[in-house]
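As structure tokens, the structure follows; a few thoughts come after it.
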Amino acid sequence: MFLRYLKADFLKTRHLSIRNAHIFIPILTAFIFSAYYSYAPWDDYVKVNVYYQVLGMALPFLIGVFCAILAEQEQTSGYFQVMLMSTSKVIPFLSKLIMLLIFCAGSLLSASLIFGIIFQFRLHGQIIDTRFHLFAALIMLMSSIPLYLLHLVISFQFNNGVSIAFGIFESVLSALFLTGLGDSTWKYVPSVWPARMVTTFLEAYTGETIAYVELQKTIFIVFFVIIVGMIVYSRWACRWEGTKIAD
């Protein structure tokens, strides 16, 4: 049953902007930054760090938009009747979560590997090897799971503007927490994890012991939040009756 829902969700996105966005945004981002870095005076470490910080800051906003689009699509195609008629209401919600995570994984891997290959072989960056970019994409994907859980609930429970507005707020908060403001508290704020975790991973990857210890602690917190979030998400899905505050 789950696979049928997942296949149906993929088919539903054929006429939505979600597919194209997940394909073209990472490619354009990687090439734009690579073109700028070909003459930017920064050193290699700063270039890599800024690139992934920008990706991490953009993720909350994009997640808010994509979740809102999915909720809007379900509402306009039958006012959630397919989801409400399922023998297990949690399955359609899990299907949408998994589909979004698959799209996200593909986008992050594309953005990371395209940039990593160009940076290493075209721009002759030596400080970071290609393996880092693969791990960076995986860390950003893992740290984004709580945001998908949150924004799916917001999108289906409230109007679409709430999800998008909250995504903008999270992106701004993420930018603020990249400064010294978030040095001691960022690990407890899920919305800043995509940007701040990958920065910490870069520090640990280049040999900073303190960053390595902090990254380990944060990964433990992330896994704990994901487990709790999945439980809450599943219980909410089972009790959801299709009610949604109108736009």
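The values are calculated or read from the model by the stated rules, or taken from the named source; none is laboratory data. From a predicted model like this one, the values you see are computed outputs, not experimental measurements. Glycine also receives a Cβ, built like all others from the backbone with ideal geometry; neighbour counts cover every protein chain displayed. To get the accessible areas, we keep the full protein, side chains included, count just its heavy atoms, and leave off ligands, DNA and RNA. Shrake-Rupley method; radii C 1.70, N 1.55, O 1.52, S 1.80 Å.
Evaluate segment 202-217: report whether one residue or more is closer than 28 Å to Q120 by Cβ, out of contact with any Cys (no Cβ under 8 Å at 6 or more places or on another chain), open to solvent by less than 20 Å² (accessible area, probe 1.4 Å) and among the β-branched types (V, I, T). Checked against the condition, which is being closer than 28 Å to Q120 by Cβ, out of contact with any Cys (no Cβ under 8 Å at 6 or more places or on another chain), open to solvent by less than 20 Å² (accessible area, probe 1.4 Å) and among the β-branched types (V, I, T), segment 202-217 yields no hits at all.
The numbered conditions (1) surrounded by fewer than 16 Cβ atoms within 10 Å (Cβ to Cβ); (2) touching a Phe, Trp or Tyr at 6+ places or on another chain (Cβ under 6 Å) are all true for R196 except (1).
Within the set V172, V213, V228, V192, the sole residue that is free of Cβ contacts under 8 Å to residues at least 12 places away in the same chain and under 19 Å from G64 (Cα atoms) turns out to be V172.
Against the definition (within 20 Å of I98 (Cβ to Cβ) and within 18 Å of the chain's Cα centre (by Cα)), how does L62 come out, yes or no?
Values: within 20 Å of I98 (Cβ to Cβ): yes; within 18 Å of the chain's Cα centre (by Cα): yes.
Criteria met by L62.
Checking A105, A58, A71, A21 one by one, the residue that is in a helix (DSSP H, G or I) and buried (at least 20 other Cβ atoms within 10 Å of the Cβ) is A71 and no other.
For segment 177-201, filtering for residues that are part of a helix (DSSP H, G or I) and under 18 Å from the mean Cα position of the chain (by Cα) leaves 16.
A single entry from I139, I168 fulfils the requirement of being of a type in the set (A, V, I, L, M, F, W, C), at pLDDT 90 or above and more than 24 Å from D44 (Cα to Cα): I168. For segment 42-99, the set of residues classified as of a type in the set (G, A, S), in contact (Cβ under 8 Å) with a residue 24 or more places away in the chain and within 19 Å of F10 (Cβ to Cβ) consists of A68, A71, S77, S86, S95, listed by residue number. Taken across segment 83-99, residues that are surrounded by fewer than 19 Cβ atoms within 10 Å (Cβ to Cβ), in a helix (DSSP H, G or I) and modelled with pLDDT under 85 do occur, with at least one present. Looking only at segment 220-240, how many residues end up being open to solvent by less than 50 Å² (accessible area, probe 1.4 Å) and either outside any loop (DSSP other than H, G, I, E, B) or in contact with a Pro (Cβ under 6 Å, 6 or more places away or on another chain) (or both)? Residues in segment 220-240 being open to solvent by less than 50 Å² (accessible area, probe 1.4 Å) and either outside any loop (DSSP other than H, G, I, E, B) or in contact with a Pro (Cβ under 6 Å, 6 or more places away or on another chain) (or both): 9 in total.
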